[in-house]
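Peer 1: Once you've had a glance at the structure underneath, I'll fire off some questions.
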Amino acid sequence: MKITKEEVKQIATLARLKLPEEKVEIYQKQFSAILDYMEKLKEIDTKEVNPLYSPAELKNVFREDEVKKDLDREEILKNAPKTDGEFFIVPKII
Amino acid sequence: MEILNKTLTEIRESLQKKEIGVEELIKTCLQHIANTEPKINAFITLREEEELLEEARQLDRQGPDPNQPLWGIPLGIKDVLTTKNLRTTCGSKILENFVPVYDAFVVEKLKAAGAIILGKQNMDEFAMGSSTENSAFGPTKNPWDLSRVPGGSSGGSAASVAARQCFGAIGTDTGGSIRQPASFCGLVGLKPTYGRVSRYGLIAYGSSFDQAGPLTRSVQDAALLLEVIAGHDPKDSTSLNAPVPKYSQSITSLSATKFTFGLPKEYLGEGLDPEVEKVFQSTIKLIENLGGEIKEISLPHTQYAIATYYILVMAEASSNLARFDGVRYGVRNAEAKTLKELYELSRSQGFGDEVQRRIMLGTYVLSAGYYDAYYKKAAQVRRLLSEDFVQAWKECDFILAPVSPTPAFKLGSTINDPLKMYLMDIYTTSLNLAGLPGLSLPIGLSSDNLPIGAQIIGPKLSEEKLLALASKLEEALPKLPLPPLS
């Protein structure tokens, strides 16, 4: 599976990462090798196989919809890089 | 320092009998940590001495409590489990200042049981790696040979327990991250059944794989720790609502005399280091002498396990690690002008290379046009791998397998070749895919005096029998000497 430099940059954008130019080439080679290895799975016929997404395979774990207070505002904001004491602050969007 | 060579179970008895006070024990541990830490770098954050001693004095004043099975016992915690008011970094720069406001379920249980948490142990960043070299806080060294890795990702915990800095630790295992470092450092490491231990407060990497479990110096110790941390938790929807047996008691009462071990023929071929194979073969003989039956079995999809595992775990990682955006916690880039820039710059600056690699590959396999070919395909093969085990349990009670194809490798030997590092996980990832429990047990030393481990794999929720059987084997196996740095 040959991955191009443009594809690496596109994946980085989707993943919200910014790659320095010199890393793009390294990742391009590594991704191609890793995805080549993963091609292996194509050997198996899985047409009739039901995917397994979690070994727990639990269905509909319900609980009562009760309002509970786990943390207060101060605690929630404690680790934020920037707040005004009430909200998380980010650069202006509009 | 002899006191530090005791197992967790032994020190527990000494504490209960007041042969040693908690304060004295903590002082001895801290002194030993100060001596050994410059060489192995097992801790990312060690708690303040005065705070620890105060906690110890309080326990001494109160005296042993029958409801606190870990009363006064110094433990370490892998830095991926949240600890209230104690920095939790996941081995990453992006969380270098993160101080959680709540305890992980596991940590809550340990505290309630009277354990003393010494600090947070080093790991591969976000648990991604097999050597602890991917830590933003520098690599951990193996106490058996300082030029070698302790394994990973729970390498700090393994090195620390092996070096006698603490009496046990809680690590996490997504694709082998408890068992492989346990085998590299000569310890017992148990990855419980998926759902046996709550993941609440375990900072997620691969949510359908992650499980916390003990790293200890004996099987009995692992049983005791599992007994404390296992159990249902409404805060984790994948947590299993099954009763928790008294593992530490049934280990001696359950008879483990008649059992059949399956030996997967796919595990004993090419790629297995001859030294590992030699020690492994002698363990097979030992089992036969103990009256165990050994039967060759087949896990026919084994060759697809690594590709399947990495596709799925990278996909889950890309989704789980989207939360690190420089907004609610973690490091934020100071120069970002727009929100998109804030995300991109904070993440690229905060995450190391391996984490970025896995996030990107995960993004790729989940992206439109590739989802069916990679992600769904891998989930289908996961079903087949899981069914391999279902078939196997018709022929045997447990499976015996190597843990890692080689003993501990040299620092720097695989770090620049990610695929080579992934391929080392050949014997450990299958059971995470299937959600099964596995225990790594030290079975001997290589000619370079490096520990070698074997793993016992069991059906879901078979921990009780698995521990009893492991304990029986442990008794019969030659006891490992102390590591040179201890």
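Any read-out appearing in this document is the output of simple, stated calculations on the displayed coordinates, not a laboratory observation. On a predicted model such as this, the values are computed, not experimentally measured, just so you know. Cβ sites come from the backbone with ideal geometry, for glycine too, and all protein chains shown count toward neighbours.
Peer 1: Run the numbers on the stretch B:131-269 and let me know its relative contact order in percent, using alpha-carbon pairs under 8 Å that are six or more apart.
Peer 2: Details: 251 pairs, mean separation 24.9, N = 139.
For the stretch B:131-269, the relative contact order is 18 percent.
Peer 1: What does the structure give for B:55-67 when I average, per residue, the other chain Cβ atoms found within 10 Å of the residue Cβ?
Peer 2: Across B:55-67, the average partner-chain Cβ count within 10 Å equals 0.
Peer 1: Find how much the distance from residue B:67 to residue B:10 grows on full extension, using 0.36 nm per residue of separation minus their present alpha carbon separation; answer in nm with one decimal.
Peer 2: Fully extending the segment from residue B:67 to residue B:10 adds 18.7 nm.
Peer 1: If you don't mind, another one. In nm, to one decimal, how far is the residue B:335 label point from the residue B:447 one, both placed 7 Å along Cα→Cβ?
Peer 2: Going from the residue B:335 label point to the residue B:447 one covers 5.4 nm.
Peer 1: Apply the Karplus curve 6.51 cos²θ - 1.76 cosθ + 1.60, θ = phi - 60°, to the phi angles in the stretch B:431-443 and return the couplings in whole Hz, x for Gly and Pro.
Peer 2: For the stretch B:431-443, the Karplus-derived couplings read 6, 5, 4, 8, x, 8, x, x, 10, 9, 10, x, 10 Hz, x marking Gly and Pro.
Peer 1: Shielding by partners for A:4-15, please: the mean number of other protein chain Cβ atoms within 10 Å of each residue's Cβ.
Peer 2: Whole-number average of other-chain Cβ neighbours for A:4-15 is 4.
Peer 1: Lys pairs in the stretch B:28-122, Cα-Cα under 27 Å, at least 8 apart or on separate chains: how many?
Peer 2: 14
Peer 1: Evaluate the Kirkwood expression for the hydrodynamic radius of the stretch B:338-486, namely the inverse of the mean inverse distance over all pairs of different C-alpha atoms, and round to one decimal in Å.
Peer 2: 18.9 Å
Peer 1: Not counting the cut sites, what is the longest span of chain A without trypsin sites (Lys or Arg not before Pro) that DSSP labels loop and that have at most 11 other Cβ atoms within 10 Å? Intermediate results must be reported in sequence, preceding the final value.
Peer 2: Numbers: sites that count: A:2, A:47, A:59, A:63, A:68, A:69, A:92.
Segment A:3-46 is the longest.
Peer 1: What's the angle, to the nearest 10 degrees (0 to 90), between helix A:5-14's Cα axis and the longest principal axis of chain A?
Peer 2: Here the helix axis deviates by roughly 20 degrees.
Peer 1: On to the next question. Go ahead and estimate [θ] at 222 nm for the protein assembly as shown from helices alone: -39,500 (n - 2.57) per DSSP H run with n ≥ 4, summed, over the residue count, rounded to 500. Present the calculation step by step, with values, prior to reporting the outcome.
Peer 2: On the way: 19 runs with 216 residues, N = 580.
Roughly -11500 deg cm²/dmol at 222 nm, from the helical runs in the protein assembly as shown.
Peer 1: Partner chain Cβ atoms within 10 Å, averaged over the residues of B:325-337 - can you pull that number for me?
Peer 2: Values: counts 2, 4, 7, 7, 7, 3, 1, 4, 2, 1, 0, 2, 2.
Mean number of neighbouring Cβ atoms from other chains: 3.
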